Amino acid sequence: LNVNWCYHVYMKAFCPQVIAYSFVDNLTLAARQAFLIAQAYMALQSICGLFGLDTDEDKTYVWGLTRQSRQQLSIMGFPCMTDATELGGAMTFGLARRTRLLKQRGQQLHSRWQKLRRSMSPGPQKLSMLPKVFWPQAFYGSAICLIADGYANDLRKAAVKALTMNGAGSNPLLRLSLSDDMQADPGYYQLRLCLTTIRRMLMKSPDLLPMWRTWKDNFTGHLKPGPFSRLQQCLEMIGWSVQEPPWIQDHEGHTWNLQLTDHKTMDTQLEDAWLQYVATQAKHKSMNGLHGMDGFLTKLDSAHLTTLDRARLSALHSGAFMTDSEKAKYDPEHLALCTHCNCDDDRAHWLVCPRFQHVRDAIPDWRYDNAELPSCTRQHLLVPRLECMVLWRRLLCQPEDDGKVFVISPPTSGVQHLFLDGSCSNDKYPMLNLASYSVVNATMGAVVATAHLEGITQTIDRAELTALLRALHWLQGTELEACLWSDSLSTVQVAHYIQQYDTIPEGVANLDLWVELQMQLQDRAHVRTDIRWVPSHLQSHSGEDPFEDWIIHWNDRADELAVRTNRQRSTAFWRTYRRIVSVLDGWSLRIRQLRQFFFYLADNKQSGDNTQAGQIQNADEDSSEDEEWLWVPWFEALPLTWQVQVTHGTHKLPGQFLVNIVNWVGAAEQFEGTVRDVSDAEFVCLLLLDRAFQFPFSIDGSLQLCMRCPDQLFQRPTFGAILRPLQQALAILHNLFPQVIMRTPPVPKPLLGLYMPCVDCGYTSQIHFGWRPDPNLEAF
């Protein structure tokens, strides 16, 4: 720290025309003329020699914006760069767009893609690693680089390939953008990264906003490398624009302060804008009618679906080929036409085809006009943008009463006790929540202010904070001492922090309101302003003295007023509300019915089967009577050296695991019972019943496997993590002893909840089956 301080003082004294920068041990010199850089470099050598330090000439470079300056700087003997990585960020020197260094970061992800592909973790967990591990490396320093869309497209394709989500017809943009975390898509990640970086730097550096305004005044439409051009590029992609910095206009015409708008509102509008952009990129003919996209209805109930159903829904959304009509273009074994109706056998046709009439009849209250929905909804469950929701957000941003006019004026003297409260409805559709606030003066026994909350974000914490802010507005310009009572503990705690340290805690929600509240408290720094917390919803008889009774009484009055205000809205407003609820109910019913229809067909393997109407073929269901086998016990048929062959093989699994499997089966042969083919999933469940049986696991994240019982692990392993090594072990044993350990072809078993083909372990051993496989094996 002392060296850096001396460096800046020395350069300012001996090279006043040179701007010196320091980032720990990275020193930078900038000037308008090349000879000044040479002079400053000699001064830099002097100050380093004073402290016994040397500069690293191998890492030193120069740059210039003109040909003449570059020629002059080359005399110094250092490489003259046009782009370089500085503190990890990709810097460009000049007007040319150079993204070579940034793209190298994406190319260096190859080894990580391989690890992700080989990982045995569940799919959702692997998907969650994209915004946590992959995109931070690929887009580090991208907030100042003008990047073409092709870079995000390449990363998107690499991601779905590593996640094995690149099925035929699947749209990677839809697949990742409609995942549970939208940041899994690299395009949205870089968009959000750019905006959050600008917002963060605007709060940290007061010089950035004037620089942005200067750039805006001189902007001619030509984008140049730099943070403001990058921001302009990102905003134009989603239909946003810069007004007068820091104000921006979104795709719906709302204006926001980019520096102060709360995170929840910004994320809500940003995600909606990205989905509208995604809809414009979905150009397949089966997605006709996708004029914009409603994210809530498209992902309706996705958080409550099983992993299998969530994967099916993602495949439907992304346009993956599922029907014979789609597969027939590339595989002549599939028929493109329905054998009953002699027309294209696509998903839209399934909704009217007689083959599936019994499926539609089985769905309660099936709406036969489902077949008249837009093609994007019928075939992919993608819901177009609803204009009523655009109108709803416009109504919230323009409330009928904003509460800026106070009911009473403040008195001239006396301590004022103000009780504050907020109210928020809990609607079944979260975007239809409504909030309001109230401020009551207990000293005067009158209402100060009560109104509906303004803005898209209608939450209880924002309503409580707005009430506190309105109380301070009422006191503005007076010398009145005041005591503000609120039943929101979080609001009171943050307010106390601001009063004590005159700064806003990092990461706090509703930043725009807190900044305004901080300014109000600064104006009243010379006047006593107490902000106190009072428990909410206390019974009127729970007070122990008159003072507590007084507090309970006035806090209840503020609460009742806020609730009543929230309900008292115009007839036109409630008419619009009921109409929107009716529209959402209708779409929700249709989406759930279509989803149930397609999932039922997937459960019964009817995706491309032209069977007679009413016939549902459950592929290879278990027979009520187990098939009899002509069998030979393993221990009698295996060679004497079987344990040596298993233990010292070249396979990657621990030899002890293979020995344990053979010993377990040999022990099971001692029981009475019948012989039947057992699927790998059933075999896993049988082994899990033996609490002492050990499986191979990767404990420390390396490729080395250790034998452990599942109950001994800190984190419970997934069913797949146990099933895969067992399948590998049975395949190894089958290859070593094919005449003894037999494997049958993979088949689905719907009665067990196994809808994917599951390789059977048809070992010919006599095992007593006192336990029957649970029909819900998927619960493991």
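Can you find, within segment 712-724, the residue that is modelled with the lowest pLDDT among those that are farther than 14 Å from C685 by Cα and not aliphatic (A, V, I, L, M)? Show your work before the answer.
Our first condition is that a residue be farther than 14 Å from C685 by Cα; within segment 712-724, this holds for 712-716.
From what is left, the residues that are not aliphatic (A, V, I, L, M) are 712, 714-716.
Details: Q712: 82, F714: 75, Q715: 78, R716: 80.
Checking each candidate, the answer is F714.
For segment 159-196, give me each residue that is of a type in the set (S, T, Y), part of a loop (DSSP other than H, G, I, E, B) and in contact (Cβ under 8 Å) with a residue 60 or more places away in the chain. Give the steps one after another, and end with the answer.
First, pick out the residues of segment 159-196 that are of a type in the set (S, T, Y): 164, 170, 177, 179, 188-189, 196.
Next, from what is left, pick out any that are part of a loop (DSSP other than H, G, I, E, B): 164, 170, 179.
Passing the criteria: S170, S179.
Of A43, A34, A30, all but one fail to be at negative phi and either over 49 Å from the mean Cα position of the chain (by Cα) or β-branched (V, I, T) (or both); the exception is A43. On the given criteria, is L127 of a type in the set (A, V, I, L, M) and in a helix (DSSP H, G or I)? Spelling it out, L127 is indeed of a type in the set (A, V, I, L, M) and in a helix (DSSP H, G or I). Of the numbered criteria (1) surrounded by fewer than 16 Cβ atoms within 10 Å (Cβ to Cβ); (2) of a type in the set (A, V, I, L, M); (3) not in a loop (DSSP other than H, G, I, E, B), the one L335 fails is (3). The set of residues from segment 258-296 being outside any loop (DSSP other than H, G, I, E, B) and open to solvent by 40 Å² or more (accessible area, probe 1.4 Å) comprises H263, K264, D267, T268, E271, Y277, T280, Q281, K285, F296. Selection over segment 29-54 of residues that are free of Cβ contacts under 8 Å to residues at least 40 places away in the same chain, outside any helix (DSSP H, G or I) and more than 18 Å from T85 (Cα to Cα) gives a count of 5.
Applying the condition of being at pLDDT 85 or above and open to solvent by 10 Å² or more (accessible area, probe 1.4 Å) to segment 656-685 and asking which residue is farthest from the chain's Cα centre (by Cα) yields N663. In the set A311, A371, only one residue is assigned to a helix (DSSP H, G or I), in contact (Cβ under 8 Å) with a residue 40 or more places away in the chain and among the hydrophobic types (A, V, I, L, M, F, W, C); that residue is A311.
Picking from K115, K132, which residue would you name as being closer than 24 Å to T196 by Cα, at pLDDT 90 or above and open to solvent by 60 Å² or more (accessible area, probe 1.4 Å)?
On the way: K115 fails: closer than 24 Å to T196 by Cα.
One residue alone meets the criteria, K132.
The selection criterion, being open to solvent by 80 Å² or more (accessible area, probe 1.4 Å) and either in contact with a helix residue (DSSP H, G or I) (Cβ under 7 Å, 6 or more places away or on another chain) or not hydrophobic (A, V, I, L, M, F, W, C) (or both), does not hold for R105. Of the helices (runs of 4 or more DSSP H) lying entirely inside segment 450-532, not one is found with 2 or more residues being touching a Pro at 6+ places or on another chain (Cβ under 7 Å) and hydroxyl-bearing (S, T, Y). Residue count for segment 370-394, restricted to those that are more than 27 Å from the chain's Cα centre (by Cα), surrounded by fewer than 16 Cβ atoms within 10 Å (Cβ to Cβ) and farther than 12 Å from L594 by Cβ: 1.
Listed here are the residues, each with its yes/no results for (1) open to solvent by less than 40 Å² (accessible area, probe 1.4 Å); (2) more than 26 Å from V448 (Cα to Cα).
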residue: H526; (1), (2): no, no
residue: I531; (1), (2): yes, no
residue: V534; (1), (2): yes, no
residue: D545; (1), (2): no, yes
residue: E548; (1), (2): no, no
residue: A558; (1), (2): yes, no
residue: N566; (1), (2): yes, no
residue: A572; (1), (2): no, yes
residue: V581; (1), (2): yes, yes
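The set of residues in segment 1-25 being surrounded by 12 or more Cβ atoms within 10 Å (Cβ to Cβ), touching a residue at least 12 places away in the same chain (Cβ under 8 Å) and not in a strand (DSSP E or B) consists of V3, N4, C6, Y7, H8, Y10, M11, F14, C15, V18. Could you tell me which residue of segment 26-67 is most open to solvent (accessible area, probe 1.4 Å), considering only residues that are touching a strand residue (DSSP E or B) at 6+ places or on another chain (Cβ under 6 Å) and small (G, A, S)? Going through the qualifying residues, I end up with A30. The single residue among A348, A311 that is among the small types (G, A, S) and in contact with a Ser or Thr (Cβ under 7 Å, 6 or more places away or on another chain) turns out to be A348. Selection within segment 144-158: residues that are open to solvent by 20 Å² or more (accessible area, probe 1.4 Å) and not basic (K, R). The member of this set that is nearest to R716 (Cα to Cα) is A158. Determine if segment 212-231 includes at least one residue that is touching a Leu at 6+ places or on another chain (Cβ under 6 Å), farther than 28 Å from L95 by Cβ and in a helix (DSSP H, G or I). There is no residue in segment 212-231 that is touching a Leu at 6+ places or on another chain (Cβ under 6 Å), farther than 28 Å from L95 by Cβ and in a helix (DSSP H, G or I). Can you find a residue in segment 440-452 that is in contact with a His (Cβ under 7 Å, 6 or more places away or on another chain), hydrophobic (A, V, I, L, M, F, W, C) and either buried (at least 19 other Cβ atoms within 10 Å of the Cβ) or modelled with pLDDT of 95 or more (or both)? Yes, segment 440-452 contains at least one residue that is in contact with a His (Cβ under 7 Å, 6 or more places away or on another chain), hydrophobic (A, V, I, L, M, F, W, C) and either buried (at least 19 other Cβ atoms within 10 Å of the Cβ) or modelled with pLDDT of 95 or more (or both). Scanning segment 87-102 for residues that are more than 28 Å from the chain's Cα centre (by Cα), surrounded by 15 or more Cβ atoms within 10 Å (Cβ to Cβ) and not in a loop (DSSP other than H, G, I, E, B) gives M91, T92.
Restricting to segment 404-427, give me the number of residues that are in a loop (DSSP other than H, G, I, E, B) and touching a Leu at 6+ places or on another chain (Cβ under 9 Å).
The total comes to 8.
The values are calculated or read from the model by the stated rules, or taken from the named source; none is laboratory data. Just so we're clear, the structure is a prediction, and the values are computed from it rather than from any experiment. Every residue, glycine as well, gets a Cβ built from its backbone with ideal geometry; the counts of neighbours run over all protein chains shown. In case anyone asks, the SASA skips ligands and DNA or RNA and just uses the protein heavy atoms, side chains included. Shrake-Rupley method; radii C 1.70, N 1.55, O 1.52, S 1.80 Å.
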